[in-house]
Amino acid sequence: MKKILVLVIFFNFLFSGQDDLKNKSLIELFNQKYYTYICDKRWKFINEYNNKREDLLSLVAYSCLKKRYITPALDLAKVLKVTKEGRKNATYIVTLFLMKKLIMQLLNDDLNMGDIKLPTINDNELGRLFKYIQDGDYEKEGNSIIINLHNKKYKIWMTKRNNIVIDTLINGQLEKREYYW
């Protein structure tokens, strides 16, 4: 009986924070950096703000991208169509997704990147590194793409779940690992 009571109290405590988040506005959640929560609740926000507040939907999309959740951000790209800024944000999301898919093809199918030219995206690691791939400034080592820049080496590879991973190595030591879902 004591174990059940302890479990009930634990789960109540664990999920009580979720109720608190439900009472916050999207802007409060964003300013407090609850990006994962916002992205997970994207359909709630899409249903609430679609065709009304693309500025807020763009915050939801940006939250997904802050966590490198490109595929969920596509849900927002589909509805960002009313304003000029919304369409621009949708194109940004779709371009990142296309970069991810092209890297997957390069890794799996030896895609020839010669004729492919996408816009440069400088505020995202995947976008920055794609520029080097697009320009042919990379080496392929097994199931990885290697980009050498100054004292950094980037290793791009794919998980079994088809996520792109970017390892940043400095002097041969892993400094950072980012997953792009």
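The sum of -39500 (n - 2.57) across all DSSP H runs of n ≥ 4, divided by the residue count of the chain, sets its helix-only mean residue ellipticity at 222 nm to -17500 deg cm²/dmol.
DSSP bridge analysis restricted to the chain gives an antiparallel fraction near 100%, rounded to the nearest 5.
Measure off, as a whole percent, the carbon and sulfur share of the 1.4 Å-probe accessible area of the range 24-136, all protein chains present. Before the final figure, lay out each step's value.
Values: 2950 of 5940 Å².
For the range 24-136, the apolar C and S fraction of the accessible surface comes to 50 percent.
Computed over the alpha carbons of the chain, Rg followed by Dmax gives 19.8, 68 Å. Calculated accessible area for the chain comes out at 63 Å² per residue, all protein chains present (probe 1.4 Å; ligands, DNA, RNA ignored). If you take all other residues with their beta carbon under 12 Å from the beta carbon of residue 179, and give Lys and Arg +1 and Asp and Glu -1, the sum is +3.
For residue 44 and residue 123, compute 0.36 nm times the residue count separating them, minus their Cα-Cα distance, and round to one decimal in nm. Write out the running numbers ahead of the final one.
Working: separation 79, 0.36 × 79 = 28.44 nm, distance 2.73 nm.
Using 0.36 nm per residue and subtracting the Cα-Cα distance, I get 25.7 nm.
The values are calculated or read from the model by the stated rules, or taken from the named source; none is laboratory data. Note that the structure is a prediction, hence the values are computed from the model and not measured. Neighbour counts run over all protein chains shown; Cβ positions are idealised from the backbone, glycine included. Keep in mind that these areas ignore ligands, DNA and RNA; they rest on the heavy atoms of the full protein, side chains included. Shrake-Rupley method; radii C 1.70, N 1.55, O 1.52, S 1.80 Å.
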